[in-house]
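Following: one structure in structure tokens, then a few remarks.
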Amino acid sequence: MTPTKIGILGTGDVGRILGAGFVSRGHEVKIGSREPEGDKIQKWVKETGARASAGTFAEAATFGEIVVLATLWSGTQNAIRLAGPDAFAGKLVIDATNPLDFSHGMPPRLALGHTDSGGEQVQRWVPKGHVVKAFNIVGSPHMVDPKFPGGPPDMWIAGNDEGAKKKVGEILRDFGWPDPIDTGGIEGARLLEPMCILWVLYGARTNTWNHAFRLCT
């Protein structure tokens, strides 16, 4: 994939791991945060190298030719508001979030489902962006260069724009995943987000988090 400017909203494990993955493939990454000068994110910038930088949500979204949403669900809408919805216009927006509700403890519940999804809400919040749900069905340590005894796992994606999904496929292959499994429009997120809950439930019951999904045909 041609070197590209990547903006990432969110400085948690998902944002930092995907950001480092993009930098390792030759892309420039600006990671967005409420506190871009904080010690945690500045340490990540220093460790990740010259192609990594930090800024506000608005600066990261404006910088990125591709924007990745890697926020906690509870902060996703506000991060988009702070970035400015127009900053996403015409861009691929990779939605790696999950609408998880931790108010009842572990395991979490889905805050949305059946007739709506986080992916669809994100698409409504950035109506001019091309949202693709991806990276939401596996733990962050396995998002880049996944290695499992049974071979590479599969990634399911959903989005309305075919060109955007094709670009996500390129990114996934660069990151060590095979061709993605396309579930169709962004409403497919109604199926992908419950897969996260299934992933969590298995992890909670077995006390292990080194698992992923694979489609056998």
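Summary table
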quantity	calculated
From VAL14, VAL67, residue being of a type in the set (A, V, I, L, M), under 13 Å from the mean Cα position of the chain (by Cα), within 23 Å of GLN123 (Cβ to Cβ) and open to solvent by 20 Å² or more (accessible area, probe 1.4 Å)	VAL14
Where a residue in region 119-133 is open to solvent by 10 Å² or more (accessible area, probe 1.4 Å) and polar (S, T, N, Q) and its partner, wherever it lies, is modelled with pLDDT of 95 or more and assigned to a helix (DSSP H, G or I), with Cβ under 8 Å and at least six apart	GLN121/GLN77; GLN123/ILE186
Selection status of ALA204, at pLDDT below 95 and part of a helix (DSSP H, G or I)	yes
Selected residue [within 25 Å of PRO85 (Cα to Cα), of a type in the set (A, V, I, L, M, F, W, C) and in contact with a Leu (Cβ under 9 Å, 6 or more places away or on another chain)] from VAL144, VAL131	VAL131
Among (1) farther than 23 Å from PHE22 by Cβ; (2) assigned to a loop (DSSP other than H, G, I, E, B); (3) among the charged types (D, E, K, R); (4) open to solvent by less than 40 Å² (accessible area, probe 1.4 Å) - the single one ARG214 does not satisfy	(4)
Candidate set from region 166-211 (those that are of a type in the set (S, T, N, Q) and touching a residue at least 24 places away in the same chain (Cβ under 8 Å)); member that is least open to solvent (accessible area, probe 1.4 Å)	THR183
Of residues in region 70-81 being in contact with a Ser or Thr (Cβ under 7 Å, 6 or more places away or on another chain), closer than 19 Å to PRO127 by Cβ and of a type outside the set (Gly, Ala, Ser), the one surrounded by the most Cβ atoms within 10 Å (Cβ to Cβ)	THR71
For ASP116: the one exception among (1) within 26 Å of MET1 (Cβ to Cβ); (2) among the acidic types (Asp, Glu); (3) more than 16 Å from the chain's Cα centre (by Cα)	(1)
Cross-chain or 6+ apart pairs with Cβ under 7 Å, region 40-57 first and of a type in the set (Gly, Ala, Ser), then in a strand (DSSP E or B) and surrounded by 11 or more Cβ atoms within 10 Å (Cβ to Cβ)	ALA52/VAL29; SER53/LYS30; ALA54/LYS30; ALA54/ILE31; GLY55/LYS30; GLY55/GLY32
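The values are calculated or read from the model by the stated rules, or taken from the named source; none is laboratory data. The structure displayed is predicted, hence computed values, not measured ones. Note that each Cβ is placed from the backbone with ideal geometry, even for glycine, and that neighbours are counted across all protein chains shown. What goes into the accessible areas is simple: the full protein's heavy atoms, side chains included, and nothing from ligands, DNA or RNA. Shrake-Rupley method; radii C 1.70, N 1.55, O 1.52, S 1.80 Å.
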